[in-house]
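Enquirer: Provided herewith is a single structure, encoded as structure tokens, for subsequent inquiry.
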Ligand SMILES: [Zn+2]
């Protein structure tokens, strides 16, 4: 397993991988976890990725991808 979410890899990302999560709107969280929403890949924070994986936050994530 790669260390894409930890250590040196993070430092190479914009603002060390920290940004505002598009789902929970928290600031300065690591928005480095890719999740598949419909046919799009969206980067969210760890908490949201887990929640989405459990079938939660569907309304929030669907607002992120334009309805087709
Ligand atoms: Zn989040």
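Enquirer: For 48, 24, what's the fewest-to-most ordering of other Cβ within 10 Å of each Cβ?
Expert: Sorted ascending by nearby Cβ count, the order is 24, 48.
Enquirer: Tell me what the chain gives for mean residue ellipticity at 222 nm when only DSSP H runs of n ≥ 4 count, each as -39,500 (n - 2.57), the sum divided by the residue total, rounded to 500 deg cm²/dmol.
Expert: It comes out at -6500 deg cm²/dmol, rounded to the nearest 500.
Enquirer: Using Cβ counts within 10 Å as a stand-in for footprinting exposure, how do 41, 47 rank, fewest first?
Expert: The most exposed by this proxy come first: 41, 47.
Enquirer: Please find the FRET efficiency linking residue 25 to residue 4, where r is the Cβ-Cβ separation and R0 is fixed at 30 Å, and quote it to the nearest 0.05.
Expert: Efficiency for this residue pair is about 0.80.
Enquirer: Using a ≥ b ≥ c from the Cα gyration tensor of the range 5-68 (square roots of the eigenvalues), is it rounded, prolate or oblate, where a/c under 1.5 gives rounded and otherwise the larger of a/b and b/c decides, a/b for prolate?
Expert: It comes out prolate by the Cα gyration axes.
Enquirer: Sort 57, 10 by Cβ crowding within 10 Å, fewest neighbours at the top.
Expert: Ascending number of Cβ neighbours within 10 Å: 10, 57.
Values in this text are rule-based calculations from the coordinates and carry no lab data. These figures come from a predicted structure and were not determined experimentally. Positions of Cβ are generated from backbone atoms using ideal geometry, with glycine treated the same way; all protein chains shown enter the neighbour counts.
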